[in-house]
């Protein structure tokens, strides 16, 4: 499933540059994740980069955007045509929901 950024965000901006799909941008009060671009880093990294750098654990699974690994792979391929996915055998869901 796509991730979302909760109101615990302190708008430090650490998450935006580490997102491989450019899914994160500044919102009115906190950073926001575009669920159409978020693959939970599936195909890029073994762990979700935004969650790994967030000092307040504000990046959580979005229960309104549930997706399977197959869904995330299809989204990865749509966003990155011709790129081979990496580290899919090591990837795990975040396991923390909003």
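Here are a few things to note about the model shown:
- Within the stretch 46-55, tally of residues that are within 19 Å of residue 79 (Cα to Cα) and buried (at least 17 other Cβ atoms within 10 Å of the Cβ): 3
- Of the residues making up the stretch 8-29, those that are out of contact with any strand residue (DSSP E or B) (no Cβ under 7 Å at 6 or more places or on another chain) and touching a residue at least 24 places away in the same chain (Cβ under 8 Å) are 8, 10, 12, 14, 18, 19, 20, 21.
- Entry remark, the stretch 1-44: residues being part of a strand (DSSP E or B) and surrounded by fewer than 16 Cβ atoms within 10 Å (Cβ to Cβ) number 3 in total.
- Residue among 36, 57, 8 that alone is under 27 Å from residue 81 (Cβ atoms) and at pLDDT 95 or above: 36
- Filter pass, residue 72 being under 12 Å from the mean Cα position of the chain (by Cα), in a strand (DSSP E or B) and on the phi < 0 side of the Ramachandran plot: no
- Residue in the stretch 78-87 that is under 14 Å from the mean Cα position of the chain (by Cα) and either assigned to a helix (DSSP H, G or I) or surrounded by fewer than 17 Cβ atoms within 10 Å (Cβ to Cβ) (or both) present: yes
- Of all residues in the stretch 60-98, those satisfying the criterion of being at pLDDT below 95, under 19 Å from residue 15 (Cα atoms) and in contact with a helix residue (DSSP H, G or I) (Cβ under 9 Å, 6 or more places away or on another chain) are 91, 93, 94, 96.
- Residue within the stretch 56-64 that is outside any loop (DSSP other than H, G, I, E, B), within 11 Å of the chain's Cα centre (by Cα), surrounded by 15 or more Cβ atoms within 10 Å (Cβ to Cβ) and in contact (Cβ under 8 Å) with a residue 60 or more places away in the chain present: yes
- Among (1) on the phi < 0 side of the Ramachandran plot; (2) in contact (Cβ under 8 Å) with a residue 40 or more places away in the chain, the one test that residue 43 misses: (1)
The values are calculated or read from the model by the stated rules, or taken from the named source; none is laboratory data. Given the structure is predicted, the values throughout are model-derived calculations rather than measurements. Glycine also receives a Cβ, built like all others from the backbone with ideal geometry; neighbour counts cover every protein chain displayed.
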